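Below you'll find the structure, written out as structure tokens, and then a few comments.
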Amino acid sequence: MRRIKNPPNPYDRFSAEYVGEPPPVKLEVFEETATKKIITKAFASDWEGGWRYTVNCYRGCIHGCTYCFARQYHEYLGYGAGTDFETKIVVKPNAPQLLREELKKTREKMPHLDFSFATDPYLPLEAEYRLTRQCLEVCADFQIPVGIITKSPLITRDIEILKRFNKISVFFSLPFLTKERSNPFEPYTPIPEARFRAMKMLSDEGIKTGIGIAPVILGYNESDIPGLLERAKESGAQRAFMSLLHLDTDSIEEYFVAKMSERLPPTRVTKITNTIKRERGGKLRHSSYAERSVGKTEQWEITRNLFEFHARRLGFNQPDRPEVSDLTVGPNITQQSLF
């Protein structure tokens, strides 16, 4: 990897509202030019079809969400899962070229591609590098079905490309209704209002949009669910899912608790950690992949029913719509694939 002394400034062309406030530590950018493949086959859950094909042009994420499961992937590079994940960003400048070459060989076998899951595809550096944009142009040329999950209104820059797809969906990750609510857990993300405005812009252009209320942190944000679904409906979203907080590694758990303790009163921290432990059999981490998004208590059951009631009331995930006919209702959570 080649270190970049002066990384592109994401504030040169886009407002601070779009990228959030910068982390209070030095940003370092590295260009990874030795990358040989850009499509990753990743195991997912049963409701997602078992396998997921992802494209990630970046590693690490300036948004700094304390709960992010992708933090563990930074440790594979020899970095830490804490502030290193937020400040040491790895860029893959040859991603669009690699993607085109791979799709030439695999187009007939490739059911879909997802943009996200190791980092937000529209993190602030995308404003200058434009790698996600170029990769989407490649996917549009091949007409690969694409799913995108993002927290960034920067995606509105690429509306004309998104409209070229026959099959595409864009989910906005929105677990908190207000900036004040989101600050303790996602301090550098665009404000919720900006994300809702972006959702409406895409919806008005005929692009299928949805809301991902993820993670649900029991004892903190389950009360936001009705309001989030209401706002998403007003913004044109047709699909919705939620998932329970999961802390995949010891290092993520340690960082999550440390940052929560810095930003919330001790009594609130105790309430949240005790609530999580009740869902996880006395621990903060889930015991197996099967338990990743499954709660154990009546509180989780009430939260799940709350989501399902308001999703039905507002007309989300209607099975008579072809684009959402793959809705799966399990015993402990309602979810759906991106397609």
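The values are calculated or read from the model by the stated rules, or taken from the named source; none is laboratory data. A quick note: this is a predicted structure, and the numbers were derived from the prediction, not measured. Note that each Cβ is placed from the backbone with ideal geometry, even for glycine, and that neighbours are counted across all protein chains shown. When the accessible area is computed, the model is the full protein with side chains, heavy atoms only, and any ligands, DNA or RNA have been set aside. Shrake-Rupley method; radii C 1.70, N 1.55, O 1.52, S 1.80 Å.
Distance between the modelled labels on Leu77 and Ser261, one decimal in nanometres: 2.8 nm (7 Å Cα→Cβ projection).
Can you work out the FRET efficiency for the pair Arg181 and Met110, with r the C-beta to C-beta distance and R0 = 45 Å, to the nearest 0.05?
Efficiency, from the Cβ-Cβ distance: 0.70.
In region 98-243, with Lys and Arg counted as +1 and Asp and Glu as -1 at Cβ, which of these residues, Gln143, Pro192, Ile213, has the Cα nearest the positive end of the dipole, that is, farthest along it? Highest projection toward the positive end goes to Gln143. The H on the amide N of Ser173, modeled in the peptide plane, is under 5 Å from the matching H of Thr150, Lys151, Gly212, each at least 5 residues off or on a different chain.
Ordering Ser203, Asn183, Phe165 by Cα displacement along the dipole of region 141-224 toward the positive end leaves Phe165 in first place; charges were set at the Cβ atoms of Lys, Arg (+1) and Asp, Glu (-1).
Here the calculated FRET efficiency for Ser287 and Lys41, from their Cβ-Cβ distance with R0 = 25 Å, stands at 0.50, rounded to the nearest 0.05. Ordering Asn317, Trp300, Phe241 by the projection of their Cα atoms onto the charge dipole of region 238-323, which places +1 on the Cβ of Lys and Arg and -1 on the Cβ of Asp and Glu, puts Trp300 at the extreme positive end. Computed over protein heavy atoms with a 1.4 angstrom probe, the accessible surface ordering of Tyr73, Tyr255, largest first, is Tyr73, Tyr255. Packing around the peptides 29-36, 112-119, 303-310, taken as the average count of other Cβ atoms within 10 Å per residue, puts them in this order, highest first: 112-119, 303-310, 29-36. For region 59-191, give the percent of accessible area contributed by carbon and sulfur heavy atoms, probe 1.4 Å, rounded to a whole number. Carbon-and-sulfur percentage of accessible area, whole number: 51. Listed values for region 294-303 are Karplus-derived 3J(HN,Hα) couplings in whole Hz (6.51 cos²θ - 1.76 cosθ + 1.60, θ = phi - 60°), namely 10, x, 10, 10, 5, 4, 5, 4, 5, 5, and x replaces Gly and Pro.
In this Cβ point-charge picture (+1 for Lys and Arg, -1 for Asp and Glu), region 79-140 has a dipole of about 340 debye about its Cα centre.
Order these peptides, 191-201, 136-146, by their mean beta-carbon neighbour count within 10 angstrom, highest first.
191-201, 136-146
Rounded to the nearest 20, the Cβ-based charge dipole of region 39-193 about its Cα centre (Lys and Arg +1, Asp and Glu -1) stands at 380 debye.
Would you mind calculating the relative contact order of region 173-234 from Cα pairs under 8 angstrom and at least 6 residues apart, reporting the percent as a whole number? Mind showing how you got there, number by number?
Values: 51 pairs, mean separation 29.4, N = 62.
Relative contact order of region 173-234: 47 percent.
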